[in-house]
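The values are calculated or read from the model by the stated rules, or taken from the named source; none is laboratory data. For clarity, every value in this text was computed on a predicted model and none was experimentally measured. Glycine gets a Cβ as well: all are built from the backbone with ideal geometry, and neighbour counts include every protein chain shown. Accessible surface is based on the protein model in full, side chains and every heavy atom, while ligands, DNA and RNA are left aside. Shrake-Rupley method; radii C 1.70, N 1.55, O 1.52, S 1.80 Å.
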Amino acid sequence: AQSVTQPDIHITVSEGASLELRCNYSYGATPYLFWYVQSPGQGLQLLLKYFSGDTLVQGIKGFEAEFKRSQSSFNLRKPSVHWSDAAEYFCAVGAWSGGYQKVTFGTGTKLQVIP
Amino acid sequence: DGGITQSPKYLFRKEGQNVTLSCEQNLNHDAMYWYRQDPGQGLRLIYYSQIVNDFQKGDIAEGYSVSREKKESFPLTVTSAQKNPTAFYLCATLPGRGVTGELFFGEGSRLTVL
């Protein structure tokens, strides 16, 4: 069974500073990896995804993530954070099981941006 | 507009009552999912369905039931057997049967048990 670990529950950064959110996954084969963002009381929006190919993935809103198989990681980065980036971020891993794609989420990292 | 509609957005229930959360999609997606979200626990899978009249239990199915009578609809019933039903519930879809892709989410329904 797959699993995802997001070790940071809460992160605070200054506006304009760089950001890195950590994600480690556990899965035996090549995983399908995702980062989602959620504003309070809302659904989740996809930031980016990795299925195969180039291990550096570009997403929306200036985010990128790098897949590192040797470290079982898929960390999310942004060079300069904006106040509107304050939200909760979820890493997820997808895998096929019994004909279904099952997606497992991490516990999330809440990002606070200070002026 | 194509999308996923969850209703109601807020729901209050007395203990011992069953409630049904609606999820309707007009994206023509095959697979539909229900997740439960609690603070600090991320999203946990309740049920999922890939075709009409077929669905599978997820990781926390106890106390919940679903049906998939139409491709567009995947209602979730929270029964009185669910010990701690207060949570935020999210419905999601995947585009195609057998096709790897990302989940599309509705706006969620918040259930509070009084």
Choice from B:81, B:92, B:61 showing the highest fluctuation, given a GNM over chain B with Cα pairs closer than 10 Å
B:81
Strictly greater than 22 Å: what percent of every Cα pair in the protein assembly as shown meets that?
52 percent
Roll a 1.4 Å probe over the protein heavy atoms and report the accessible area of residue B:99 in Å², nearest 10.
80 Å²
In region A:35-62, which residues give up 20 Å² or more of accessible area once the other protein chains are added, compared with their chain alone (1.4 Å probe)?
A:36, A:38, A:41, A:42, A:43, A:44, A:46, A:49, A:51
Once A:82, B:29, A:10 are ranked on solvent-accessible area with the largest value leading and a 1.4 Å probe, the list reads A:10, A:82, B:29
Estimate for me the total accessible surface buried between chains B and A (protein heavy atoms, probe 1.4 Å, no ligands or nucleic acids), in Å² to the nearest 100.
2000 Å²
Carbon plus sulfur fraction of accessible area for chain B, probe 1.4 Å, in percent
47 percent
How are the Cα pair distances of chain A distributed, in percent, across 5 Å bins from 0?
2, 12, 23, 25, 19, 11, 5, 2, 1, 0
Please build a GNM for chain B, connecting alpha carbons under 10 Å apart, and tell me which residue among B:12, B:88, B:74 fluctuates the most.
B:12
For chain A: lysine pairs under 20 Å (alpha-carbon distance), excluding those fewer than 8 apart on one chain:
9
At a Förster distance of 30 Å, what's the computed FRET efficiency of residue A:114 paired with residue B:100, Cβ-Cβ distance as r, to 0.05?
0.20
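May I ask you to rank B:86, A:109, B:5 by accessible area, largest first, using a 1.4 Å probe over the protein chains only?
The most accessible residue leads, giving B:5, B:86, A:109.
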In region B:1-60, which trypsin sites (Lys or Arg not before Pro) are in a loop and have at most 16 other Cβ atoms within 10 Å, using DSSP for the loop call?
B:9, B:14
Grab the beta carbon distance between residue A:17 and residue B:10, set R0 = 22 Å, and tell me the FRET efficiency rounded to 0.05.
0.05
Overall Cα dimensions of region A:46-92 - principal axes, largest extent first, Å
33, 18, 16
